[in-house]
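K.L.:
Mind having a look at this structure? Questions to follow.
Bear in mind that the values in this text are calculations on the coordinates, not laboratory data. Computed from a prediction, not measured in an experiment: that's the story for all the values here. Cβ placement follows ideal geometry from the backbone for every residue including glycine, while neighbour counts extend to all protein chains displayed.
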């Protein structure tokens with residue numbers, strides 16, 4: 001499996017594999033939206049192991065941000081590599097997300 005999930009109260013943490021692409025983006029979206037049917041209100045996507053995102057991966061993240069917001073939830077991106085964060089900023093999508101680092 002390309003994702004690991006853990007539940008903390010009404011939130012989930014989804015840990016990604018080494019990439020978020022056209023090959024796994026739709027599965028990530030389905031996994032997260034399915035979790036909202038089980039009373040989840042916040043989602044944290046952990047990018048600790050992720051080194052590559054393609055344009056479809058960015059599109060999935062932006063859609064998830066919108067859909068989660070419409071469901072009254074919150075999306076946080078955790079441990080985003082500086083290169084990936086720059087890519088997200090270059091696409092002018094950084095305002096859609098809260099970025100956090102593990103302390």
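K.L.:
Note the full-extension length gain between residue 48 and residue 34 as 0.36 nm times their separation in residues minus their Cα-Cα distance, in nm to one decimal.
P.N.:
2.7 nm
K.L.:
Let me ask something else about it. Distance in nm between label sites at residue 7 and residue 92, each 7 Å beyond Cα in the beta-carbon direction?
P.N.:
4.0 nm
K.L.:
While we're looking at this one, here's another question. Can you tell me the mean projection area, over all orientations, of the convex hull of the chain's alpha carbons? Units nm², please.
P.N.:
So the mean shadow area of the Cα hull is 6.0 nm².
K.L.:
Given the -39500 (n - 2.57) contribution per DSSP H run of 4+ residues, what per-residue ellipticity at 222 nm results for the chain, rounded to the nearest 500 deg cm²/dmol?
P.N.:
-11000 deg cm²/dmol
K.L.:
At a Förster radius of 22 Å, what calculated FRET efficiency corresponds to the Cβ-Cβ distance of residue 55 and residue 101, to the nearest 0.05?
P.N.:
The pair residue 55/residue 101 has a calculated efficiency of 0.35.
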